[in-house]
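Okay, structure first, notes after.
The values are calculated or read from the model by the stated rules, or taken from the named source; none is laboratory data. Computed from a predicted model, the values in this text were never measured in an experiment. We place every Cβ from the backbone using ideal geometry, glycine too, and count neighbours over all the protein chains shown. Just so you know, the surface numbers come from the protein's heavy atoms only, side chains and all, with ligands and any DNA or RNA stripped out. Shrake-Rupley method; radii C 1.70, N 1.55, O 1.52, S 1.80 Å.
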Amino acid sequence: MTCQVRQGTTCTCRPSNPLPTNIVKDTTSFLHMAMWFARSRNLVSSLRQNLGLSAILIKRNHSSPRPVFTNYELSSKVFLDPSTSFRHESTAVESQPDLVQQSDHEDDAQELDFPGGKVGYTSEMKFIPESSSRRIPCYRVLNEHGKIISDSDFIPVSEKLAVRMYEQMATLQVMDHIFYEAQRQGRISFYLTSVGEEAINIASAAALSPEDVVLPQYREPGVLLWRGFTLEEFANQCFGNKADYGKGRQMPIHYGSNQHNYFTVSSPIATQLPQAAGVGYALKMEKKNACAVTFIGDGGTSEGDFHAGLNFAAVMEAPVVFICRNNGWAISTHISEQFRSDGIVVKGQAYGIRSIRVDGNDALAVYSAVRSAREMAVTEQRPVLIEAMTYRVGHHSTSDDSTKYREADEIQYWKMSRNPVNRFKKWVQDNGWWSEEDESKLRSSTRKQLLQAIQAAEKWEKQPLTELFNDVYDVKTKNLEEQEVGLKALVEKQPQDYPTGFHI
Amino acid sequence: MASLLGRFCRKLVVPGSAHGSRMISTTACDSEAVKSLNLYSAINQALHIALETDPRSYVFGEDVGFGGVFRCTTGLAERFGKNRVFNTPLCEQGIVGFGIGLAAMGNRAVVEIQFADYIYPAFDQVKRVFPTLEFDFSTAEFLIRGFNSQIVNEAAKFRYRSGNQFNCGGLTIRAPYGAVGHGGHYHSQSPEAFFCHVPGIKVVIPRSPREAKGLLLSSIRDPNPVVFFEPKWLYRQAVEEVPEHDYMIPLSQAEVIREGNDITLVGWGAQLTVMEQACLDAEKEGISCELIDLKTLLPWDKETVEASVKKTGRLLISHEAPVTGGFGAEISATILERCFLKLEAPVSRVCGLDTPFPLVFEPFYMPTKNKILDAIKSTVNY
């Protein structure tokens, strides 16, 4: 693929801020990269050519030792952090196996043949510990002040792309605020916000191609916004009026658009994950340059469908990018009550899936991670797991008051000090690409547009009654035809029993 | 959802003792202390009593710790501790499976499924849009996997399959069900019919706060696994005098809550309120309606319904769930077998339409008072 952002301009193939030649932070991250790149040779060359990563990827500190690994060793130990390969002396517990370790005993050097393949054996009884000595670190590019951390790996973002990303993040904020208020005023029946997760929403969308098929959970309207769904279209769905593509059948925020390759939201949690595996497989069979991208929260990873989705995608070698928004809360359930693992990123390996943990509030990191994951998924026809760390600043929904189960201070901290929109804004501003004047213009015009959209949506005609009976099947069945006839007669006979505006 | 109720629900009129109506439960004696409670408070009281009276009982599910999304579990964790009242990970199959395990060890597990609409992972993945698939590499075929479910294949068969060596009778599954005004596909479902088709479990649905407390305590203490559906529409809207003491209402006993001679109406849960209104309107037109609250759908009290239909000669069943394959079909078929010669008219069913539960079209989908009234009249005039 060529490095052309969707707006039609070429991205700068050199980062705006020149990077120092030694961008390797330390030996362990170097080894991470070395292993990954060595394994993904095709990817590396295509990335080098097409994404202009040569400035980043090639500039390694060649004075650091480069371990040589055979493909066999790499394939079984991708992404192992060698710093965890030490033995506790006093117990029989061992951390993850060493990368390159040969035992002294001849017996131990032999291998056993089992249905899953050959496996070496050992006379020492060792248990893999329940957790690593160190949590998987979080990939980030921008610090809290909006400055690029020196020596960062990242895919450069042009001014045009960056400004668009920022505008969309701000638009999402305004949209959430106004729709939430509309629910409070009783104008729509329900709403849920993505406050605090704007970087995940927009940066992930920006990193995908429009042909990638998105299967959301329900806190990712920003992906649809990025793809061109208008504020009017959002409002129409929330009001369930005649213009709603969902034909008024579902609660607000259950958006969907086949035109934008965004599957319709359904409330049940995690059901989209095995479906995403199927979608990815379909794209693979059609040899499309596209992948499935699906979102899930931290809570959703507890569902059985998480296991099913990841396992199917891995076994079927389907191009799927699984993005987990770990925002700390599943309604009132904190992640400490959700799992005992080191978050979700460590679960990828259990399925044979490559994974990364990223700072979900860092738009540049999210962009780079999703872009890279997407390329891997498509070129290598494999699933990839991204755990984006973030915080759910808003309540779960308009039916929730989160101050009942968490501290107001905690919410405020994340809202102010760890705000992803402000963080990205600082970077964009520091580059001279955005001003306060731009800011107030954008926010006031978006606000105005939204209020108009809501007013219009409210007044719009309602769905015709026949849409109650359509689409249960592809063709209306006899019982539905009979029920429709019966209902129409009833409404004509007793119109006072029914709300007005639903044309027969 | 809870605040949704306050804004958008239809107002519930719980009729008083006029018109011979016994909509309100009369199971407790008058001298006992009573308190005016709504449905979620009555259920909360039952749970407090259950945990108090049996130290080996547990309450768990998603978000129950802080009181639950409908406030049914308020105060339980504080009072009985987090070892007995706790949040679970977000996983219905895990919640029910874990509950079966606890129950099999002689404990009482009162588990909460947040919305009946989400009970299916605990029931069977096949019930969703996509079946559970397995790929058979030898034949390169997708096989649709059969049931893989906690409630149907585990809870319901635990005692039977083990020759009564094991049982999980201590399991009670509570779930809010039914229309709420703006719930759409996934916050309004009435899935009782699926469960009524499973020998080995019981299915109970209360109509009011007083009934709910007594029926829930019976369900928890019944030595069989019980699925207990709570009409979410009534959580705040229904208010009734509820006795404060520990009392139980028997399972599998239907109640005639309104006496009449011309036609028998059978229903459960929130729908009884709507049916009651239809009965009042019908009475103005000279039709005397007998209204029965089934309460327990599995195993159901055939005798009470049979005796009533033998008296009136006519039967009308009403439920929110779609008409095709709904539990009304079972009642109709049974009464037909038992009362054929006494019937003056076909059995009438006034139910939800055969569509997914729609949002904006909800008022058209529902079995409304006037739909029921029309059916009463056409049955009586058959």
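Based on alpha carbons, the Rg and Dmax found for segment A:143-301 are 16.6, 53 Å.
Would you calculate the separation in nanometres between label points at A:E181 and A:Q259, each defined as 7 Å from the Cα along the Cα-to-beta-carbon direction? For the pair A:E181/A:Q259, the computed spacing is 2.9 nm.
Averaged over the residues of peptide A:268-276, the number of Cβ atoms from other protein chains lying within 10 Å of each residue's Cβ is 4.
The residues of segment B:57-102 listed by number as losing at least 10 Å² of accessible area in the complex, against the isolated chain and with a 1.4 Å probe, are B:D63, B:F66, B:V69, B:R71, B:K82, B:N87, B:T88, B:P89, B:L90, B:C91, B:E92, B:Q93.
Close amide H partners of A:G394, meaning residues 5 or more places away or on another chain with modelled amide H under 5 Å apart, are A:V195. Dividing the C-alpha radius of gyration of segment A:176-228 by 2.2 N^0.38 Å, with N its residue count, gives 1.27.
With 23 Å as the limit, the listed pairs A:K488/B:K369; A:K488/B:K295; B:K295/B:K369; B:K232/B:K284 have A:K488/B:K295; B:K232/B:K284 beyond it between alpha carbons.
Here the extension length gained between B:K82 and B:E337 equals 86.7 nm, from 0.36 nm per residue of separation less the Cα-Cα distance.
Could you work out what % of the accessible surface of chain B is carbon and sulfur, using a 1.4 angstrom probe and leaving DNA, RNA and ligands out of the count?
54 percent
Based on protein heavy atoms only, segment A:368-504 ends up with 51 Å² per residue of surface accessible to a 1.4 Å probe.
Quick one: if the Förster radius is 35 Å, what FRET efficiency do A:K488 and B:S288 give, using the C-beta to C-beta distance and rounding to 0.05?
For R0 = 35 Å, the calculated efficiency reads 0.65.
To two decimal places, what compactness ratio does chain B give when its Cα radius of gyration is scaled by 2.2 N^0.38 Å?
Numbers: Rg = 20.7 Å, N = 382, 2.2 N^0.38 = 21.1 Å.
Working it through for chain B, the quotient is 0.98.
Multiplying the residue separation of A:E437 and A:M125 by 0.36 nm and removing their Cα-Cα distance gives an extension gain of 105.7 nm. Only helices enter this figure: runs of n ≥ 4 DSSP H residues, each worth -39500 (n - 2.57), summed and divided by the residues of chain B, yield -9000 deg cm²/dmol at 222 nm to the nearest 500. A cut-off of 5 Å between modelled amide H atoms, ignoring neighbours fewer than 5 places along the same chain, links B:I317 with B:V266, B:S348, B:R349, B:V350.
For a distance above 24 Å, tell me the whole-number percent of Cα pairs in segment B:173-283 that qualify. For segment B:173-283, the fraction of Cα-Cα distances above 24 Å is 29 percent. Which of the residue pairs A:K476/B:K310; B:K35/B:K310; A:K147/A:K415; A:K160/A:K448; A:K347/A:K404; A:K118/A:K287 have a Cα-Cα distance greater than 28 Å in the structure shown? Exceeds cut-off: A:K476/B:K310; B:K35/B:K310; A:K347/A:K404; A:K118/A:K287. Shown here for segment A:190-236: GluC sites (Glu not before Pro) in loop regions (DSSP other than H, G, I, E, B) with at most 14 other Cβ atoms within 10 Å, namely A:E211. With the highest mean first, a sort of the peptides B:297-306, A:315-324, B:41-50 on other beta-carbon atoms found within 10 angstrom per residue produces A:315-324, B:41-50, B:297-306. Comparing Cα centroids, segment B:43-77 and segment B:266-312 end up 32 angstrom apart. Per atom type, segment A:276-405 shows carbon and sulfur on 55% of its accessible surface, probed at 1.4 Å.
Chains B and A together bury roughly 4200 Å² of accessible area, counting both sides, with a 1.4 Å probe on protein heavy atoms only.
Amide H contacts of B:V242 (H built 1.01 Å from N, in plane; Pro and chain starts excluded): B:K35, B:S36, B:L37 sit under 5 Å, all sequence-distant by 5 or more or on other chains.
Where the convex hull is taken over the Cα atoms of segment A:159-463, what is its projected area averaged over directions, in nm²? Intermediate results must be reported in sequence, preceding the final value.
On the way: hull surface 60.4 nm².
Average of the hull's projected areas for segment A:159-463 equals 15.1 nm².
For A:K287 and A:Q412, the FRET efficiency from 1/(1 + (r/R0)^6), where r spans their Cβ atoms and R0 equals 45 Å, is about 0.35. For segment A:206-255, a decrease in accessible area of 50 Å² or greater in the assembled protein chains relative to the isolated chain, with a 1.4 Å probe, applies to A:R249, A:Q250, A:M251.
Compared with the dominant Cα axis of chain B, that is its longest principal axis, helix B:92-104 is turned about 80°. What angle do you read, to the nearest 10 degrees and between 0 and 90, between the alpha-carbon axis of helix B:39-53 and the longest principal axis of chain B? Approximately 50 degrees, to the nearest 10.
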